[in-house]
Protein chains: 2
Amino acid sequence: MYTLGIDVGGTTIKSALVDPAGSLLAKKRTPTPKGAEPLAQTVAQIAREYETLIHDGELHDYRGVVDETRVRHTVGVAVPGVVDEEAGCAVLSVNLGWEDVPMAELLQKEIGRPVVLGHDVRSGALAESIWGQAGPNTVFLAIGTGIAAGVILDGKPRVGRGWAGEVGQSIIHDPFNPSQRVPMEQIASAASIARRFLERTSYDSIDGAREVFELAAKGNSVAKQVIDEACEALADSVVSAVSLLGQVRIVIGGGLAEAGPDLINPLRQKVRNRIGVLPEPEIIGAKLGSWAQTRGIAYAAMRQELGLSW
Amino acid sequence: MYTLGIDVGGTTIKSALVDPAGSLLAKKRTPTPKGAEPLAQTVAQIAREYETLIHDGELHDYRGVVDETRVRHTVGVAVPGVVDEEAGCAVLSVNLGWEDVPMAELLQKEIGRPVVLGHDVRSGALAESIWGQAGPNTVFLAIGTGIAAGVILDGKPRVGRGWAGEVGQSIIHDPFNPSQRVPMEQIASAASIARRFLERTSYDSIDGAREVFELAAKGNSVAKQVIDEACEALADSVVSAVSLLGQVRIVIGGGLAEAGPDLINPLRQKVRNRIGVLPEPEIIGAKLGSWAQTRGIAYAAMRQELGLSW
């Protein structure tokens, strides 16, 4: 039985039919329009395209043709920004241009089918919890342009009126400029690592955090320092999470996760330095890659159609 | 219908019969013995004393005599330290001298009745959530000799294998001595505020954090600085909690709560300074005083006897 999962990203919408094992069928990418109404129309168009494919018998898997009886009625749609999925509300997206939109209702009206609204990072966290190695108690840190966490406790995503996991937004001292206070993500996000390197060197441009990590590996001291500052901020965040939530697994996702051990090893060391008597958390990389959100929101839609509570 | 709640403190055991409105009957204080076995025997003795009082018809309320039919079979016992109540395990108490004790089982054997094991701070948080003004999503900060939090999410206490809420244990920079890293509670607990004042002045002794707050009110600059450092650390902790959990109410309990607005007003200001776009949490004082834990653990025992899940 498949469920349609639609993950609205800042630039691309990733949709697919997802089965209970998390396998993907008929993956599709669509550009993301600006604004809530255009988005709802685009998402509805995507849903119709899947309906047509299924109706025309054009989708197949190892069991044969995928017809209407093999696809759930409910559609899952994950959006970025601040999302209160319990209230069906898209609270805020500066990038996509909305505030306090009753998104679940709007989507449902356009699509004409039951819709489960989700948050992109929490959907990714949920997928890592179900099909990856995050487990039922996890803080999934998505580190890319910004930083947000998906917090799953006893298998249930924590929403907190939409603001749970916005760890990138807390204001901390800039270690390079201690009189300044900035949102944590302005020190530790992938984009910030690249920016902070450029600000302190004569480089005109750089190929993102990836190149900063490469330069650090070659001994560039500014690159090393910028990464060190990012890891310090992330370690503070990890230790705060453990001190508040007790035993949880920390999963590193998003673009910065590509740094692999170059990020995770120093992060583990810094967490160890400040964990005290608290249980040292496992810190691992995300397993599912960039389609995790599509899978997670389909899973949430499946749960709702089955009437499962969290 | 009453439930026996027994709150094991570092020096005193506070027990009472608790009704569903949180009212207390037959309050009793008993010195706390050291060690797990002596504690279990003392708690069993307390339970027997209540049984005798009830059997002999010596307890009365506005409805008349309180007989066996009006008291639940299950007993709630809250203990301090690190407690994994979901596993029935007293993980660690340095003060009372135990480690990894199957405390629920031990108590049940001694008392001969079903026992619900709880954690003192989480029990207090639960009582503030049910009968105070903490609400179903709260971080209850108990600030006394040490610092621990009771984290209640959607009405359910977060356990995390016993380590949830141990925010006092995370290692932070000492603002007075930036090369030093210490557990947060060594800066912001009531005991630490008194100690840090003494360390920087020629005072021989002081009447706890209370007197430091009095001196600060009179303009003593060291007292002001020590309190300021404590509030900074607490504000960091509060903002971390909000960034991770989203909308929660912050409740200040424990001995330091007696400082009232002298603590809460600067704390609110410092939280505001670093909350960024996150929702500013309500920060309020605890409402129930020092019997909150007894009430909370009785509530947990009542829930278990009624077969209510969280």
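Couple of notes before you dig in:
- Pairs exceeding 24 Å between alpha-carbon atoms, taken from B:K14/B:K270; B:K34/B:K287; A:K270/B:K224; B:K224/B:K287; B:K28/B:K156; B:K156/B:K287: B:K14/B:K270; B:K34/B:K287; A:K270/B:K224; B:K224/B:K287; B:K28/B:K156.
- Per residue, the convex hull volume that the Cα atoms of the stretch A:133-286 enclose (Å³): 107
- Helix B:120-130 and the longest principal axis of the Cα set of chain B meet at an angle near 80°.
- Distances in nm from B:L308 to the matching label points in the other copies, shortest first (labels 7 Å along Cα to Cβ): 2.6
- Shielding by other protein chains, B:143-151, mean Cβ within 10 Å: 1
- Chain A residue nearest the axis that carries A onto B, by Cβ, with distance in whole Å, is A:S240, 2.
- Beta bridges by DSSP in chain A, antiparallel share as percent, to the nearest 5: 65
- Of the two radii for chain B, the radius of gyration is 1.00 times the Kirkwood radius, both from the alpha carbons; that is the Rg over Rh value.
- With the simple spin-label model, which puts each label point 7 Å out from Cα in the Cβ direction, the B:S221 to B:D154 separation comes to 5.2 nm.
- Distance in nm between pseudo-label sites at B:Q269 and B:R161 (7 Å out along the Cβ direction from Cα): 4.2
- For the protein assembly as shown, the spread of Cα positions along the three principal axes, ordered from largest to smallest, is 81, 61, 38 Å.
- Ranking A:I227, A:H173, A:F197 by how far each Cα lies toward the positive end of the dipole of the stretch A:133-286 (charges on Cβ) leaves A:H173 at the top.
- Each of B:T11, B:A217, A:T3 was placed along the dipole of the protein assembly as shown (beta-carbon charges, centred on the mean Cα), and the one lying farthest toward the positive end is B:A217.
- Its relative contact order, with pairs defined as Cα atoms under 8 Å and 6+ residues apart, puts chain A at 20 percent.
- Axis angle, to the nearest 10 degrees, between helix A:261-274 and the longest C-alpha principal axis of chain A: 70 degrees.
- Teacher prompt: B:Q41 distances to equivalent labels in other copies, 7 Å Cα→Cβ, nm: 8.1
- DSSP finds beta bridges in the protein assembly as shown, and of those with both partners inside it, around 65 percent are antiparallel.
- Label-point gap, in nm, between A:K109 and A:E199 - each point 7 angstrom along Cα→Cβ: 4.3
- Cβ-vector label at 7 Å, B:Y62, separations to other copies in nm: 6.8
- Alpha-carbon centroids, the stretch A:124-200 and the stretch A:278-310: separation in whole Å: 16
- Secondary structure note: in the stretch B:138-286, about 60% of the DSSP beta bridges are antiparallel.
- Length gained on full extension, A:D67 to A:Q41: 6.9 nm, using 0.36 nm per residue less the C-alpha separation.
- Helix A:190-199 and the longest principal axis of the Cα set of chain A meet at an angle near 40°.
- Check: the stretch B:55-190 dipole with +1 on Lys, Arg Cβ and -1 on Asp, Glu Cβ, in debye: 320
- Each of A:I264, A:I130 was scored by other Cβ atoms within 10 Å of its Cβ. Arranged with the fewest first, they read A:I264, A:I130.
- Listed residue (A:I130, A:P31, A:V66) projecting farthest to the positive dipole end of chain A, Cβ model: A:I130
- This model, with +1 at the C-beta of Lys and Arg and -1 at the C-beta of Asp and Glu, gives the stretch B:138-286 a dipole about its Cα centre of some 340 debye.
- Volume of the Cα convex hull of the stretch B:213-310, divided per residue and given in Å³: 106
- Peptide B:231-238 is shielded by partner chain Cβ atoms: per residue, an average of 1 of them sit within 10 Å of its Cβ.
- Student exercise, the protein assembly as shown dipole from Lys, Arg, Asp, Glu Cβ charges, in Debye to nearest 20: 220
- Neighbouring Cβ atoms from other chains, within 10 Å of the Cβ of residues in B:242-255, number 5 on average.
None of the figures in this text is laboratory data; all of them are computed from the coordinates on show. Computed from a prediction, not measured in an experiment: that's the story for all the values here. Every residue, glycine as well, gets a Cβ built from its backbone with ideal geometry; the counts of neighbours run over all protein chains shown.
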